[in-house]
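Below: one structure, written as structure tokens.
The values are calculated or read from the model by the stated rules, or taken from the named source; none is laboratory data. Nothing here was measured: the structure is a model prediction, and the numbers come from that model. Cβ: placed from backbone, ideal geometry, glycine included. Neighbour counts: every protein chain shown. Just so you know, the surface numbers come from the protein's heavy atoms only, side chains and all, with ligands and any DNA or RNA stripped out. Shrake-Rupley method; radii C 1.70, N 1.55, O 1.52, S 1.80 Å.
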Amino acid sequence: MTAGRPDDGTGEPTPLIWERPEPPRRPAPSPLSRDRIVHAAVELADADGLEAVSLRKVAAALDAGPMRLYRYLSTKEELLDLMVDAVYAEIPAPGPAAGDWRDALRSFARDTRRAALRHEWFADLLGGRPHLGPHALAHLEAALATVHGAPGFDDIDAVLPAVYSVQAYLIGAIRQEIAELRAERTTGMNESQWQAATGPYLERMLATGRYPTLAKAVRDATHPDPDTAFDAGLDHVLNGIAARSPEK
């Protein structure tokens with residue numbers, strides 16, 4: 001989330017990008033709009049990560065001069081804000097809890113994970129201060145409203161830690177999964193190949209007897225696929241929140 005920039009004339013902060021109107025269109029060989037700019041930036045980030053996104057590169061992708069983009073946004077940080085909100089627009093918002101609020105949050109978490117796997121750079125911009133784009137705010141509102149009023153969640157002070165706990169799990173799980181995907185591309189080894197390469201060392205370390213619980217986890221645990229592992233961890237979080245509720 002970026003703050004408004006000071007106005008050179010008055011010293012007052014200018015409105016955030018969400019409150020600034022779209023500039024009027026002008027005849028040009030390559031027409032611009034915020035939507036076109038964001039779409040081009042998302043395509044660059046999907047292909048080569050956030051490091052591939054700059055106002056100059058986006059302008060080149062649109063066959064436009066970089067200075068033309070400054071009519072639509074002021075900084076790269078504003079562009080990143082717009083890109084994040086474009087991804088939120090792809091994610092279905094949590095619906096009303098027909099039976100169990102856990103079902104709504106579970107669906108939202110799964111949909112967010114799928115969006116992050118389509119746009120890996122999205123994980124790099126999660127966490128920290130809340131995103132303030134209209135689609136991001138709509139998702140937060142829906143998530144809070146899904147829990148608020150459910151048995152044991154009449155108090156908003158009970159709702160906030162419940163929703164934020166799910167968000168914290170979601171962000172951590174997404175970042176870990178995407179870090180593994182990036183490691184595969186960087187090293188050229190998938191998880192099985194990496195395990196085969198590091199296995200002899202790990203076995204020697206486990207044979208020392210200093211890591212008995214880790215040894216049991218390595219040798220006896222199920223090690224499910226990413227989808228199953230994500231759902232299992234999410235269920236632990238949701239069930240733990242429900243267990244702490246005064247009314248279950």
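Out of curiosity, is PRO151 farther than 15 Å from PHE108 by Cβ, open to solvent by 50 Å² or more (accessible area, probe 1.4 Å), part of a helix (DSSP H, G or I) and not acidic (Asp, Glu)? Spelling it out, it is not the case that PRO151 is farther than 15 Å from PHE108 by Cβ, open to solvent by 50 Å² or more (accessible area, probe 1.4 Å), part of a helix (DSSP H, G or I) and not acidic (Asp, Glu). So LEU137 clears everything in (1) in a helix (DSSP H, G or I); (2) over 17 Å from LEU117 (Cα atoms); (3) in contact (Cβ under 8 Å) with a residue 60 or more places away in the chain; (4) not polar (S, T, N, Q) except one condition, right? Which one? The one condition LEU137 does not meet is (3). The lone criterion from (1) open to solvent by 40 Å² or more (accessible area, probe 1.4 Å); (2) within 19 Å of GLY240 (Cβ to Cβ); (3) modelled with pLDDT under 95 left unmet by TRP194 is number (2).
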